[in-house]
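The values are calculated or read from the model by the stated rules, or taken from the named source; none is laboratory data. Because the structure is a prediction, the values reported are computed rather than measured. Because the Cβ atoms are built from the backbone with ideal geometry, glycine has one as well, and the counts that use them run over all protein chains shown. Accessible surface areas use protein heavy atoms only, side chains included; no ligands, DNA or RNA. Shrake-Rupley method; radii C 1.70, N 1.55, O 1.52, S 1.80 Å.
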Amino acid sequence: MFVFTISLIWISVCSAQMGGRKLISLNDQWQFHKDKEPQQPVIIPHTWNAKDVLDDQPGYYRGLGFYTRKLKFDESARGKQIFLIFNGVGQEAEVFVNGTLAARHIGSYTRFTVPITKFLNYKNDVVEVQVNNRFNEDIPPLTADFTFFGGIYRNVNLLIADQVHFSQSENGSSGIFITTPEVSSSSANVKVNSYIENAGTTDKVVQIIHQIFDAKGLLIATKTANIKIIKGEKKSVVQDIRSIKNPELWSTENPYLYRIISKILDAKTKKVIDQVSHPLGFRWFKFDPNTGFFLNGKPLKLMGASRHQDYEDLSNATPDALQIRDVELIKEMGGNFLRVAHYPQDPLILETCDRLGILASVEIPVVNTITESAAFTNNCLNMEREMISQNFNHPSVIIWAYMNEILLRPKFTDDKPRQQIYFDHVRELAQKLDSLTRKLDPSRYTLLVNHGAWDLYNKVGLTKIPMIVGWNLYSGWYSGVPADFEKFLDRHHKELPNTPFLVTEYGADADPRIRSTDPVRFDKSVEYAVKFHQTYLNAMLNRQFVAGGMAWNLADFNSETREETMPHINNKGLLTIGRKPKDTYFLYQAYLLQKPYLKITSAQWNERTALADSGKTTSTQLIQVATNFKTAELYLKGVSLGIKDAVDHMIDWQVPFKNGINKLSVISGDQNDQAEINFQLQPYRFTDTIPFQQMNVLLGAKRMYIDEKQHQLWIPDQPFRKGSWGYVGGMPFKGSNNRISYGSDKNLLGTDHDPIYQTQQVGIEQFKFDVPDGEYELVLHFAELLGGEAKEKLAYNLENNTKKEIEQRRIFNVLINDEMFMENVDLATDYGYATAVEKKTRVTVFGKKGITISFNNLVGKAVLNAIQLRKIY
Ligand code: GCB
């Protein structure tokens, strides 16, 4: 309470600058409780799902949450109009003031403004917000590859305005709508449509003034109108500001912003009674099906990424500074476009796009499937209306979108006639949303985003409705090979020659802990993702008709139902969920930045291990450099490893690493970059001079796994070699789901190191180490990967051909040097399905016998997932 009183003093001091209105954040001093739980103090932004979306229990709390807060007003608030502004509440909200329902709002992703004046007593006012993020079949999104967090997760504001003010009842907008009907480099016209409201009890004559200032603060144009506004009336006032000479244009390179300050003045006293300010950018643009996109008459390939709004450990309750940082990261990547997906985001995002020169599309969260109800349709239309009204004045926005992959989860798959009716409903909804969008904002393009099912979207008619078609394409990830991508692009150009299109999504998972020298689809290695993005970037940049492409996704994001190597996280980000760049982000910089660029991308893979090359005291491994130079030279400890040509903005070197720190530097032109790689050399044979300390081996895998927290480096297995180590017998585990060509995609319980357990050698007979005599610690890792509860079929399995998993009973004994170590191991029964099992022991090796771990099958085939050996002395 105390803090709030102080705040009000502060705002009254500043009120003169704010032109009659006072706006103050109301994020502090809330009390929160879930249904039947005790209250706790919280600060907005807040979500109740930050923890449960990451735990091993499937699902997360989707239900009611209650927020309460006291309000205290000083005398100056009396006689004013008072509003609460909620920027984002997931997903149904009911706002009570002193126990009376003041407003209801549906949808997590748009702002709503609640007039509360008539409920106040100015003594002991209390606001309570009942929030619900339950599944509601009438509210999109219904299903999607992201998490539907609950809570008041964006800033809350209090607005105190005069009785006469710019309307607060225009779908959460500022009540002011600015367009630039004519723009050229020599002249521009501006049209301002402002809604004025008189909530007072007397009629008023007021002056509406719009002043345009340039970036230096120079007033360059003014428009004034005197109007009479009757008590209780709301009215729209349209004012044209014509012939602004030689406007400085807004572009991605020079995002020049003017400012429009709109004021309401008392016509008699000339006192400012309300004031709002907006950015103003002069630009024009067009999409052409043959020649792509043009900004201010110049061709511009739109390149960038999509963004989700959540952040590491915070979920969607992301603070302001981190929202702004994301747009900066797109700019620093060389991007010029942000697909605000799959829902409108924090107002700071588009504000930052305006300022930095990032073009944007915004969409409502109608994803995967619809409900054929009037309520669902109305909610979609209302979200579209709110999105457009609230973001109307941003020069960065050029596209409004309204559906994403809506035929991914078609209903009635077993009843074709009924399915046809469903498809008709989808098309009708798309048509309604498209028509509404064109009506509300004829100055921008409409976009409908499809997945790669070409025939289906054309058959249902969804490619004919929007002004631009978006395609989300994943050849080489969910199916096919990366090279299929360009065939798809050419097909669109040939078969829909009059429809411009964007590649609205493409991407491959890259778990930054997984590396590979032999990358394959679904190994989740950073290296596979690099190759994938190179193929896609080349195909888009080489085709003029492709207006642009948006990588999926700027950063890793939470998707509670996903399992895979990092459960609950979609790893397709160019950045990690904590916004650390992956190699792919550097690749984009090399492709897109105009300034010279040279970066040892694999510098971040700086803790490495591998076997020495046969007969050598070095181990040869890959180093990659991303660059926009044609060639570069790499040095190891000052010795040149040669000048090499860049291929698709990458240069590969095979570097002979020594044990310990290896200093690398790369030089090209006036640029250079350095890296230090700490290499743990493993002996090729245990009799070699390289001392053996420890090794961690993944069975059935060709990838490497880095456990940064415990400084453990895991390497792939090898068949047993005399004098060395390896497995005898068996085959790598293959998932029954075609999507998983690499190990299992299950969430392994009881571990954060899922990749250690997701691959295995099935039917293994022995694992042998020809180690010298000594004391060793041996750790065996197991998990039953088959059977158990069938998990929900992932929506993104585009081929949708998950086969039923055949459970295989297995019971086996494990012996170490012929001594029984584990008898009658029945992983499923003893430990549970998909559960990490770790068994550690010490082994005394003498008589030059080494270590032999033998697996004896009693029922089915024995498995081993991973093994660790450490020399004690
Ligand atoms: C898509 C969806 C997006 C998913 C993405 C993926 O096509 O539009 O929501 O996250 O694929 O990673 O599978």
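May I ask what percent, to the nearest 5, of DSSP beta bridges between residues of the chain are antiparallel? Display every interim value, and only then the final one.
On the way: 176 of 221 bridges.
Looking only at bridges with both residues in the chain, the antiparallel portion is about 80 percent.
Using the per-residue mean of other Cβ atoms lying within 10 Å as a proxy for protection, in what order, highest first, do the peptides 57-69, 417-429 fall?
Packing order, densest peptide first, comes out as 57-69, 417-429.
In percent, how large is the relative contact order of the range 301-594, given Cα pairs closer than 8 Å and 6 or more residues apart?
Normalised by residue count, the contact order of the range 301-594 is 18 percent.
How many nm separate the modelled label positions at D203 and R259, each set 7 Å beyond the Cα in the direction of the Cβ?
Output for this residue pair reads 3.6 nm.
To the nearest 20 Debye, how big is the dipole of the range 419-530 about its Cα centre, given +1 on the beta carbon of each Lys and Arg and -1 on that of each Asp and Glu?
400 debye
Give the calculated FRET efficiency between T224 and S187 to the nearest 0.05, with a Förster radius of 25 Å applied to their Cβ-Cβ distance.
Calculated value: 0.75.
Looking at the range 3-160, I'd like the Rg to Rh ratio, where Rg is from alpha-carbon atoms and Rh is Kirkwood's inverse mean 1/r.
Taking Rg over the Kirkwood Rh, I get 1.00.
Between the range 707-748 and the range 596-628, what is the separation of their alpha carbon centroids in Å?
22 Å
Can you give the relative contact order of the range 168-218 as a percent, counting alpha carbon pairs under 8 Å and 6+ residues apart?
Relative CO of the range 168-218 lands at 23 percent.
Provide the solvent-accessible area of L54, counting protein heavy atoms only and rolling a 1.4 Å probe, rounded to the nearest 10 Å².
Near enough 80 Å² of accessible area.
Through the Karplus equation 6.51 cos²θ - 1.76 cosθ + 1.60, θ set to phi - 60°, convert the phi angles of the range 485-493 into ³J(HN,Hα) values in whole Hz; use x for Gly and Pro.
4, 5, 5, 5, 4, 5, 5, 4, 4
Which is farthest toward the positive dipole end of the chain among F148, N296, S724, measuring Cα position about the Cα centre, with Cβ charges +1 (Lys, Arg) and -1 (Asp, Glu)?
Checking the options against the dipole of the chain, the answer is N296.
Assigning unit charges at the beta carbon (Lys, Arg +1; Asp, Glu -1) and nothing else, what dipole magnitude in debye, to the nearest 20, does the range 176-280 show about its Cα centre?
440 debye
Hey, if you put +1 on the Cβ of every Lys and Arg and -1 on every Asp and Glu Cβ in the chain, which of L858, V126, P255 ends up farthest toward the positive end of that dipole?
It is P255.
Find the relative contact order for the chain and round it to a whole percent, using C-alpha pairs within less than 8 Å whose residues are 6+ positions apart.
Over the chain, the number comes to 8 percent.
So which lysines pass the test for K494, namely a Cα distance under 29 Å, with those fewer than 8 places away in the same chain ruled out?
Qualifying lysines at Cα under 29 Å: K286, K298, K301, K432, K459, K464, K531.
From the helices alone, meaning DSSP H stretches of at least four residues, give me the mean residue ellipticity at 222 nm for the chain, per-run term -39500 (n - 2.57), in deg cm²/dmol to the nearest 500.
So the helix-based figure for the chain works out to -4500 deg cm²/dmol.
Carbon-plus-sulfur fraction of the accessible area of the chain, 1.4 Å probe, in percent?
Numbers: 17570 of 34310 Å².
Whole-percent figure for carbon plus sulfur exposure: 51.
With charges set only on the Cβ (+1 for Lys and Arg, -1 for Asp and Glu), what does the dipole of the chain come to about its Cα centre, in debye to the nearest 20?
I would put it at about 2100 debye.
Determine the gain in length on full extension of the stretch K616-Q766; use 0.36 nm per residue of separation and subtract their C-alpha separation, reporting nm with one decimal.
51.2 nm
State in Å² the accessible area per residue of the chain; use a 1.4 Å probe, count heavy atoms of protein chains only, and round to the nearest integer.
39 Å²
Could you give the length gained on full extension between A375 and R491, defined as 0.36 nm per residue of separation minus the Cα-Cα distance, in nm?
Computed gain between A375 and R491 is 38.0 nm.
Just for the Cα atoms in the chain, what are the lengths along the principal axes, largest first, rounded to whole Å?
106, 63, 62
How far apart, in nm, are the 7 Å Cα→Cβ label points at D414 and T631?
Between D414 and T631, the simple spin-label model gives 6.7 nm.
Can you find, among F657, S174, A102, the residue farthest towards the positive end of the dipole of the chain? Put +1 on the C-beta of Lys and Arg, -1 on that of Asp and Glu.
In the chain, that residue is S174.
Would any residue of the range 208-252 have its amide N under 17 Å from a label point 7 Å out along Cα→Cβ of K270? List them or say none.
In the range 208-252, the label zone of K270 (backbone N under 17 Å from the point 7 Å along Cα→Cβ) covers 208-211, 222-227.
How many nm separate the modelled label positions at K235 and K734, each set 7 Å beyond the Cα in the direction of the Cβ?
Label-label distance for K235 and K734, simple model: 7.7 nm.
Counting DSSP beta bridges in the range 301-594, what percent are antiparallel, to the nearest 5?
Numbers: 4 of 38 bridges.
Roughly 10 percent of the DSSP beta bridges within the range 301-594 come out antiparallel.
In degrees between 0 and 90, to the nearest 10, how far off the longest principal axis of the chain does helix 2-14 point, with axes built from Cα atoms?
In the chain, helix 2-14 runs at an angle near 50 degrees to the longest axis.
Provide the FRET efficiency to the nearest 0.05 for the L322-Y873 pair, computing r from the beta carbons and using R0 = 60 Å.
The formula returns an efficiency of 0.80 here.
Where does helix 374-391 land angle-wise versus the long Cα axis of the chain, in degrees 0 to 90, nearest 10?
80 degrees
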